[in-house]
Every structure is written in C-alpha cells, then in structure tokens.
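Reading through the structure tokens given below for one structure.
The values are calculated or read from the model by the stated rules, or taken from the named source; none is laboratory data. These figures come from a predicted structure and were not determined experimentally. Positions of Cβ are backbone-derived with ideal geometry, glycine not excepted, and every protein chain shown enters the neighbour counts. To get the accessible areas, we keep the full protein, side chains included, count just its heavy atoms, and leave off ligands, DNA and RNA. Shrake-Rupley method; radii C 1.70, N 1.55, O 1.52, S 1.80 Å.
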Amino acid sequence: MIEKDKQSNIYIISGPSGVGKDTLMDIVANNHPDTVHIAITATTRKPRTNESDGINHYFYNETEFKNLINQNLLIEWAKVYDNFYGVPYSEITNNLNLGKKVLLRVDVQGANRLKKIIPHSKFIFINPESEDDLMLRLKKRHENSDVDIQNRIKESRKEIKEADWFDYIVVNYPDKIDKAVEELTILLGLIKWK
C-alpha cells in the first residue's frame, strides 16, 4: 500500500502504442535526473533492438513473470499483445522514498486498474495528433509487421475513447516534441506556465 500523501508524486502516463510515451518520458527524466524516475516495468516481450534489461524493462520469461505475480511484487499487471507487463512495487516505493517524482508507463487498462489502487496519483494521457500520425510513427519504428500495426491502430481507437477520464491530456504533435515535453514538465510541477 502506498500512502495517500506519497501518491501525489506518482504520474501515470498512458496512451496508444507508438504515440511517443517513452520518448517524452526519457527527455523529461534526462532534463531532471535528480527529481524524476521512470519506473522500469517488467515484461515477457522480447527486447527491441535499442533496449537493455534493467534499463528499459526487466525482461522475464513467462514462468518468472508469474512468480512475480504470485509473490505480490507487482502493483499491477496485464497481458497486452500476447505479452505480460507489470510494474514492480519496488520501482515506485524506493524512488518515492528518495523524494523523486515517479513516472509509470502503462496501457489504458493498467491506468484504469491503477486508478483504483493509487487514486491520488495524477493520470496523463498522451494523444497523437491523428490516426495517420500514429500509423506513421508505428511504421517508422520498423519493429512491427503490417498486421501488428493494424491491430495497434484498432486498439488505439478504443484507448483514445477512454482519454476523457484522465486528469490531463497532452497531444504529441509531429515535429513539435518540445511542446509536449514542456506540457509534461509543467504537469509534473517542474516548471511554471509561461
């Protein structure tokens, strides 16, 4: 259980696959390394070409992941796109105890579950400018098949319909990442509105 007063330093970041959540969070964390921590999630998916274990995610096989579930070491978990994802409690509590703001990257289902578990946290939805923009982002990754991209676009339509229950919505416009970074930084209370 995470105390109510500490939950105000937890920020749940969600949005469709490919919208740029990781990029935005990385820039904000790199700009404020002493005050911001991105919770490293556990997953059973294979690492992407630019990812490392313990830095981008903790990579587990399915048996290992189920052990984390059985030992109640995850604040929430889900099966998404045929892989398990979860957030270890230690990633949150250890960094809150250091006085850091903790960013959690989760899908919309996970955000919905976290709203019940840590309701005093702040929930931020990252939205693409358009479906065409999201499609282009997914293609630029060179990590997903055409079928996978279509599945992610289909899922994004459902996720975007959920955005209105989030506390904040940040639109990540193409070629205007600085604007989204600034908005996210303001929402974290790290800079003031200009």
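Give the lysines whose C-alpha is closer than 19 Å to that of Lys4, dropping any in the same chain fewer than 8 places away, or say none. Candidates past the 8-residue exclusion: Lys100, Lys101, Lys115, Lys116, Lys122. Applying 1/(1 + (r/R0)^6) with R0 = 25 Å to the Cβ-Cβ distance of Lys115 and Asn31 gives a FRET efficiency near 0.35. Length gained on full extension, Asp22 to Asn50, computed as 0.36 nm times the residue gap minus the Cα-Cα distance: 8.8 nm. Rounded to the nearest 20, the size of the Cβ-charge dipole of region 16-109 about its Cα centre is 100 debye, with Lys and Arg at +1 and Asp and Glu at -1. Taking K and R as +1 and D and E as -1, what net charge do the other residues with C-beta under 15 Å from the C-beta of Leu73 add up to? Result for the neighbourhood of Leu73: -2.
Using C-alpha pairs below 8 Å separated by at least 6 residues, the relative contact order for region 54-153 is 15 percent. Karplus-derived 3J(HN,Hα) values for region 3-15, using 6.51 cos²θ - 1.76 cosθ + 1.60 with θ = phi - 60°, are 4, 3, 5, 7, 4, 5, 9, 10, 10, 8, 10, 9, x Hz; glycine and proline are entered as x. For the residue pairs Lys158/Lys179; Lys79/Lys140; Lys46/Lys179, the C-alpha atoms sit more than 29 angstrom apart in Lys46/Lys179.
Computed from these coordinates, which is P(r) over Cα pairs in 5 Å bins from 0, in percent: (i) 1, 9, 17, 20, 20, 14, 9, 5, 3, 1, 0, 0; (ii) 1, 7, 16, 20, 22, 18, 10, 4, 1, 0; (iii) 1, 7, 13, 16, 16, 14, 12, 9, 6, 3, 1, 0, 0? Read-out from the structure maps to (ii).
Both radii come from the Cα set of region 5-94: Rg as radius of gyration, Rh as Kirkwood radius; their ratio Rg/Rh reads 0.95.
Compared with the direct C-alpha span, the chain from Ile191 to Lys140 gains 15.2 nm at full extension, assuming 0.36 nm per residue.
Per-residue ellipticity at 222 nm from helix content only, as computed over the chain with -39500 (n - 2.57) for each DSSP H run of at least four residues, stands at -12000 deg cm²/dmol. Over the C-alpha trace of region 97-164, radius of gyration and Dmax come out as 14.7, 43 angstrom. When only the Cβ of Lys, Arg, Asp and Glu is charged (+1, +1, -1, -1), the dipole of the chain relative to its Cα centre reaches about 300 debye. Computed in the context of the full set of protein chains, the accessible area of region 1-135 at 1.4 Å probe radius has 47% of its extent on carbon or sulfur.
Annotation: extensible slack from Gln150 through Asp178 equals 7.3 nm (criterion: 0.36 nm per residue apart, minus Cα-Cα distance). In this rough spin-label picture, where each label sits 7 Å from Cα along the Cβ direction, the Asp132-Leu73 distance is 4.7 nm. Taken per residue, the accessible surface of region 46-172 reaches 56 Å², heavy atoms only and a 1.4 Å probe. Counting pairs of alpha carbon atoms under 8 Å apart in space and at least six apart in sequence, what relative contact order in percent does the chain give? Over the chain, the number comes to 31 percent. Heavy-atom accessible area with a 1.4 Å probe sorts His120, His37, His57, His142, largest first, into His142, His120, His37, His57.
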